[in-house]
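A short reminder: the numbers here are calculations on the coordinates, not readings from a lab. Source: prediction; values computed, not measured. Neighbour counts are summed over all protein chains in view; Cβ atoms, including those assigned to glycine, are modelled from backbone coordinates with ideal geometry.
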Amino acid sequence: MDGERLASGSSELAVGESPRGGAPIPGGSGSCSLLQADVLDLDEDEDDLEVFSKDASLMDMNSFSPMMPTSPLSMINQIKFEDEPDLKDLFITVDAPESHVTTIETFITYRIITKTSRGEFDSSEFEVRRRYQDFLWLKGKLEEAHPTLIIPPLPEKFIVKGLVERFNDDFIETRRKALHKFLNRIADHPTLTFNEDFKVFLTAQAWELSSYKKQGPGLLSRMGQTVRAVASSMRGVKNRPDEFMEMNNFIETFSQKINLIDKISQRIYKEERDYFDEMKEYGPIHILWSASEDDLVDTLKGIASCIDQCCKATEKRMSGLSEALLPVVHEYVLYSEMLMGVMKRRDQIQTELDSKVEALTYKKADADLLTEDIGKLEDKVECANNALKADWERWKQNMRNDLKSAFTDTAEENIRYYEQCLATWESFLSSQTDLPLEEDSEDKI
């Protein structure tokens with residue numbers, strides 16, 4: 001869009017506390033600014049980006065920082081009073097998937113329409129197109145800036161080599177819905193919604209985003225960070241506080257159960273589809289049969305009609321499963337994987353502190369320098385732990401609400417389905433009942 005401007009990356013922002021509450025924001029100024037992650041594990045195999053940047057001073061009041069609102073409207077939008085309900089000020093829609101074929105690759109882009117009343121945005125409405133790798137970049141940047149916040153999961157990566165027609169329409173639509181949910185979950189998050197990279201993702205045109213993305217650390221640097229994180233992760237586990245041990249135990253149990261539910265749900269759906277495919281054949285068979293049975297024409301056609309109505313009811317129930325239950329369950333399978341990553345990042349931050357304390361104990365380096373580093377790391381660990389604990393409770397409540405709603409809706413849909421099928425067959429049987437004939441037969445006996 002003409003006239004769109006980009007501010008500097010989130011690492012340049014001075015953010016002290018959450019615009020929606022008093023808790024410090026990971027990645028903010030002061031001690032919490034130390035929460036910028038040392039680890040970013042991004043898949044770079046299909047990144048093809050360009051460079052664009054616009055420097056913004058920390059003292060520039062036109063900065064997009066949520067703590068430096070550009071207007072009274074921005075201040076109103078970003079301050080949440082405890083006795084006020086949430087007022088949604090950011091609306092995001094992901095739609096209109098579009099195929100692209102090049103000599104090198106085939107990919108899909110999605111249109112993203114953003115409408116907002118926030119003052120830190122240059123306009124009230126934006127329209128951009130993004131491909132899947134752009135969403136991967138955003139997820140990585142959020143993890144980098146907020147290592148112990150629970151970032152919403154993305155649908156799994158899926159690469160098709162060759163013709164774009166090999167992208168199944170159902171797959172594209174399923175991914176579109178998942179990407180739509182991903183962005184809206186971020187928009188609804190009290191901290192992530194004000195992340196600078198998120199705003200850039202929603203507003204920058206393709207060439208601007210490509211340029212902005214190249215400002216990040218290189219792949220080799222991230223690989224080195226990842227190796228160090230894996231090597232030190234077990235040390236952080238040893239010193240994990242009891243509350244985080246309980247959290248980790250919950251995640252492991254939850255992961256096992258939700259994966260089992262996901263497999264069972266997928267199997268039920270497959271069996272339902274097989275049943276539906278078989279049932280569709282019975283209607284036409286009864287119609288053909290009626291052509292050779294003059295005495296049973298009405299009865300056979302009636303059966304065919306009942307089967308047809310049951311087929312439609314079954315198809316509707318399958319649609320409910322594929323839209324209401326399966327995506328929700330699978331999303332929380334992905335969430336369980338995300339949570340394990342969050343715990344590892346928390347342990348890594350703890351490990352940094354433990355290493356410094358150990359070095360000071362054995363006086364392996366300058367004591368004054370180590371003492372200063374320990375003070376900073378203690379603040380970093382405290383911010384990381386507080387962010388995780390606050391986000392953990394929020395996530396658990398959302399998880400319970402989502403799963404309860406999904407299972408309740410599925411149960412209600414099943415009840416309606418069986419009631420409809422039962423009513424269909426009862427109506428048919430009633431129409432076929434010949435009471436006088438039955439009475440005559442009883443008299444003869």
(request) Please give the length that would be gained between Lys280 and Phe91 if that part of the chain were fully extended, namely 0.36 nm times their separation in residues minus their C-alpha to C-alpha distance (nm, one decimal). (result) 63.9 nm
(request) Using Cα pairs closer than 8 Å and at least 6 residues apart in sequence, work out the relative contact order for the range 242-433, in percent. (result) 29 percent
(request) Measure off 7 Å from each Cα along the Cα-to-Cβ vector at Lys115 and Ile268, then give the distance between these two points in nanometres to one decimal. (result) 3.6 nm
(message) Show me the chymotrypsin sites (Phe, Trp or Tyr not before Pro) within the range 237-297 that DSSP assigns to loop and that have at most 10 other Cβ atoms within 10 Å of their Cβ.
(response) none
(message) 7 Å from Cα along Cα→Cβ at both Asn249 and Ser322: what's the point-to-point distance in nm?
(response) 4.2 nm
(request) Could you compute the FRET efficiency for Lys404 and Asn259, with r as their C-beta to C-beta distance and R0 at 22 Å, rounded to 0.05? (result) 0.70
(message) Which order do the peptides 184-193, 206-215 come out in when sorted by mean C-beta neighbours inside 10 angstrom, highest first?
(response) 184-193, 206-215
